[in-house]
Amino acid sequence: MAVFGQNDKAFMSGGHYSKAVPGLRKAHLNLDISIVYKINGNIMYLYGFYKHDELGTGQPPNINKQSSMATQLANVSFFDPSA
């Protein structure tokens, strides 16, 4: 899969996000905003646009916020057009 610039990467392996939503990725759109998504096969699941502080990935990192947001993202439901 081609990446969107050098700041397009998976969340840290073993972290809250990768445990809650395997395959979850983020790409920085500017210094503070990232798009959070997952690709499964030929389908892209867009979770949203978030500031670092909203994800708990700002400076300093907020582990409680990461845990809370990871749970929220894991509970997102997507419409499945093939169903």
Of all the residues that make up the range 3-26, how many are crowded, with 16+ Cβ neighbours inside 10 Å and among the small types (Gly, Ala, Ser)?
3
Here is a check on your reading of the model: is PHE49 modelled with pLDDT under 90 and either of a type in the set (Phe, Trp, Tyr) or buried (at least 16 other Cβ atoms within 10 Å of the Cβ) (or both)?
no
Residues within the range 46-63 that are farther than 11 Å from SER34 by Cα and of a type in the set (Phe, Trp, Tyr), tallied
0
If you check LEU29 against the conditions, is it crowded, with 17+ Cβ neighbours inside 10 Å and in contact with a strand residue (DSSP E or B) (Cβ under 8 Å, 6 or more places away or on another chain)?
no
The strands (runs of 3 or more DSSP E) lying entirely within the range 1-46 that contain at least 3 residues which are touching a Leu at 6+ places or on another chain (Cβ under 8 Å) and modelled with pLDDT of 90 or more are 33-40
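The values are calculated or read from the model by the stated rules, or taken from the named source; none is laboratory data. Worth saying up front: this structure is predicted, and the values here are computed from it rather than measured. We place every Cβ from the backbone using ideal geometry, glycine too, and count neighbours over all the protein chains shown.
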